[in-house]
Amino acid sequence: MGGTMKKETVEEQSNVRVLIVGGGTAGWMAAAALSTKLAGTGISIRLVESAEIGTVGVGEATVPHIRHFNASLGFDEADFMSRTEATFKLGIEFRDWGAKGDAYIHPFAAFGRDIGGVPFHHHWTRARRAGRVPADGLDAVSLPIQAARAGRFGHPSPDPSSFFSSFSYAYQFDAGLYAAYLRAHAEARGVVRTEGKVRDVTLRPDGQVDSVLMESGERITADLFVDCSGFRGLIIEGALKTGYEDWTRFLPCDRAVAVPCANAADPAPYTRATAREAGWMWRIPLQHRAGNGHVYCSGFIDDDTAERTLLDQLENPAQASPRRLRFTTGKRKRQWVGNCVAIGLSAGFLEPLESTSIHLIQLGIGRLLDLFPTGPDLDPLDAAEFNRLMDLEYERVRDFIILHYVATQRDDTPFWNHCRTMAIPDSLATKMELFRQRGIVTLYRDGMFLEPSWIAVYLGQNILPDHVDPRAALVPDAELDRIIALEAENCRRAASSMPTHGDILSRYKAQVPA
């Protein structure tokens, strides 16, 4: 997470009044981070939310960056996990995406190690084309995948020379409990919460936001407004009319239904995404329940059928009534306008296929901290830089999610035929062509998904490069077989030496007072 002050010293920052409109995960993450990182600067933070307005609450799976966010706030992992009913997450399992019957895990780690200065996936491709790879394929050479499949977990070693330093991890937690945990932290640092609904937003003659009018009649003014009001974008769109960039042509799913149920077994240390006839289903195992959902395209399946499809595959009876959601994939054309910054769903929405919702919230908060105003007068250059960076992040996450749909061989339903043949952004088409031709993964400075993530999806969904690095041929077949077998054995042994996932969760629970 960002937080580096620009230009001026902390002492020069004072008397900035911040109003966060909306609570939930986005609002309370923003409140907790701003109140912690800007403590002592004279900033005042107020958050308004209404208990009558529900939150989406499906962003329960995360990526490893959340660990750095929590650590920056001083959270103790055992306490945080116990109070949010969290489990560990080593990756995401994708079922039936490349072809029906396929299954692979996108782990938070690289596959294998470079051989002779050549990335492992080039050697792997050469061996796979010759039919000389382990029976469990790429899973064999990934420690976190082996651990996830066995229901085991261990913390990575801080020693870079250790075999156990080669992976990372994230969390799966109850989003409502996480928001409450963040709220307690923020309020302890001076954030003032106001219960109630916003009736109206008043603009100044220069087009910036002056105040919000509450249904109680109170008018609240501020220097900086952080819009965390969800899909409606109460300020960024409702008042400022920013406009929305619709990406439905690339990501056609536009609806979801979500429901919890009891776990049928000990919670697994990974999230599952299973492709269905007109979309996909998630399963997120927490300590106290499992979160389930069905993301789908209304042009290929009706709402009632989508809900029945979800309920029919639950491992236990539903614990609540299913909640239906409608969304338009895309982002605001500008996420910082004048003195309003949109964070979370008010800024944009990308389906939770790769657990990016909370990460995009975290990115927005980090960029805001990096560019935080030094006084009541805001610099438009800060807004322009914020928008440039967030546009890059959203577009690169978009491309990575599209990859899962277009990199499929499925032709068994109209939905998958559409996805397999649809037009895609030039930015993604170039990346895919580079990999198909030469096994090259495009690298860039900004963007959360690095080379191992792209390789996991490419190879997991049966996209093999036509040509590999010519240096890979310098390794004799017998030597390559020996290296792959040794890597697989090391992964298997290391995973089997880890404690069970359940043991670590129980240990954490025992450390935290009731």
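Descriptive notes on the structure:
- Qualifying residues in segment 148-168 (those that are in a loop (DSSP other than H, G, I, E, B) and within 16 Å of D114 (Cβ to Cβ)) - the one nearest to the chain's Cα centre (by Cα): S166
- Under the condition of being part of a strand (DSSP E or B) and touching a strand residue (DSSP E or B) at 6+ places or on another chain (Cβ under 6 Å), the residues counted in segment 84-100 number 7.
- The set of residues in segment 153-170 that are at pLDDT below 95 and in contact with a strand residue (DSSP E or B) (Cβ under 9 Å, 6 or more places away or on another chain) contains only S166.
- One residue alone among G116, G207, G176 is over 29 Å from the mean Cα position of the chain (by Cα), closer than 30 Å to E237 by Cβ and among the small types (G, A, S), and that residue is G207.
Here's the yes/no breakdown for (1) within 20 Å of F415 (Cβ to Cβ); (2) in contact (Cβ under 8 Å) with a residue 60 or more places away in the chain; (3) in a loop (DSSP other than H, G, I, E, B):
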| site | (1), (2), (3) |
| --- | --- |
| R308 | yes, no, no |
| K331 | no, yes, no |
| I358 | no, yes, no |
| Q362 | no, yes, no |
| G375 | no, yes, yes |
| E385 | no, no, no |
| V397 | no, no, no |
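Residue-wise test of (1) surrounded by 24 or more Cβ atoms within 10 Å (Cβ to Cβ); (2) within 20 Å of the chain's Cα centre (by Cα); (3) closer than 21 Å to T242 by Cβ.
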position: K333; (1), (2), (3): no, no, yes
position: S346; (1), (2), (3): yes, yes, yes
position: I358; (1), (2), (3): yes, yes, no
position: G364; (1), (2), (3): yes, yes, yes
position: R367; (1), (2), (3): yes, yes, yes
position: D379; (1), (2), (3): no, no, yes
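- No other residue among A268, A273 is within 26 Å of P107 (Cα to Cα), modelled with pLDDT of 95 or more, of a type in the set (G, A, S) and assigned to a loop (DSSP other than H, G, I, E, B) apart from A268.
- Considered as a group, the residues in segment 240-254 that are buried (at least 21 other Cβ atoms within 10 Å of the Cβ) and of a type outside the set (V, I, T) include one that is nearest to D302 (Cα to Cα), and that residue is C253.
- So G299, is it assigned to a strand (DSSP E or B) and not aliphatic (A, V, I, L, M): no
- Among residues of segment 448-480 being surrounded by 15 or more Cβ atoms within 10 Å (Cβ to Cβ) and over 30 Å from D399 (Cβ atoms), the one that is farthest from the chain's Cα centre (by Cα) is V475.
- One residue stands out in segment 247-272 among those that are without any contact (Cβ under 8 Å) to a residue 60 or more places away in the chain and among the hydrophobic types (A, V, I, L, M, F, W, C): the one that is nearest to Q146 (Cα to Cα), namely A265.
- Test: residue in segment 199-216 that is part of a strand (DSSP E or B), in the same structural domain as I20 (by TED's automatic domain parsing) and crowded, with 21+ Cβ neighbours inside 10 Å: yes
- Looking at P107, P134, just one residue is over 26 Å from the mean Cα position of the chain (by Cα) and not aliphatic (A, V, I, L, M), and that residue is P134.
- Boolean, S82 is among the hydroxyl-bearing types (S, T, Y), surrounded by fewer than 21 Cβ atoms within 10 Å (Cβ to Cβ) and within 21 Å of A170 (Cα to Cα): yes
- Some residue of segment 379-389 being within 23 Å of E351 (Cα to Cα) and touching a Phe, Trp or Tyr at 6+ places or on another chain (Cβ under 8 Å): yes
Residues are listed down the side, and each one gets a yes or a no for (1) over 22 Å from the mean Cα position of the chain (by Cα); (2) not acidic (D, E):
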residue: D200; (1), (2): yes, no
residue: M214; (1), (2): yes, yes
residue: F231; (1), (2): no, yes
residue: D246; (1), (2): no, no
residue: P252; (1), (2): no, yes
residue: T274; (1), (2): no, yes
residue: A290; (1), (2): no, yes
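- Residues satisfying the stated conditions in segment 273-286, i.e. in contact (Cβ under 8 Å) with a residue 40 or more places away in the chain, within 20 Å of A86 (Cβ to Cβ) and out of contact with any Pro (no Cβ under 6 Å at 6 or more places or on another chain): A273, W282, I284, L286
- Taken over segment 454-496, the criterion of being outside any helix (DSSP H, G or I), in contact with a Gly (Cβ under 7 Å, 6 or more places away or on another chain) and within 15 Å of Y104 (Cβ to Cβ) is satisfied by Q461, N462.
- Taken over segment 65-115, the residue count meeting the criterion of being farther than 22 Å from E487 by Cβ and not β-branched (V, I, T) is 31.
- Taken over segment 412-429, the residue count meeting the criterion of being part of a helix (DSSP H, G or I), of a type outside the set (F, W, Y) and at pLDDT 95 or above is 9.
- For segment 153-208, a tally of residues being touching an Asp or Glu at 6+ places or on another chain (Cβ under 9 Å) and under 26 Å from L378 (Cβ atoms) returns 8.
- Among residues of segment 433-468 being modelled with pLDDT of 95 or more and acidic (D, E), the one that is farthest from G131 (Cα to Cα) is E433.
- Matching residues in segment 393-447 - criterion: being loosely packed, with under 15 Cβ neighbours inside 10 Å and within 23 Å of F120 (Cα to Cα): T430, E433, L434, Q437, R438, L443, Y444, R445
- When F120 is tested against the conditions (1) surrounded by 21 or more Cβ atoms within 10 Å (Cβ to Cβ); (2) more than 29 Å from A290 (Cα to Cα); (3) touching a residue at least 40 places away in the same chain (Cβ under 8 Å), the lone failure is (3).
The values are calculated or read from the model by the stated rules, or taken from the named source; none is laboratory data. Note that the structure is predicted; figures quoted are calculated from it, not measured. Positions of Cβ are generated from backbone atoms using ideal geometry, with glycine treated the same way; all protein chains shown enter the neighbour counts.
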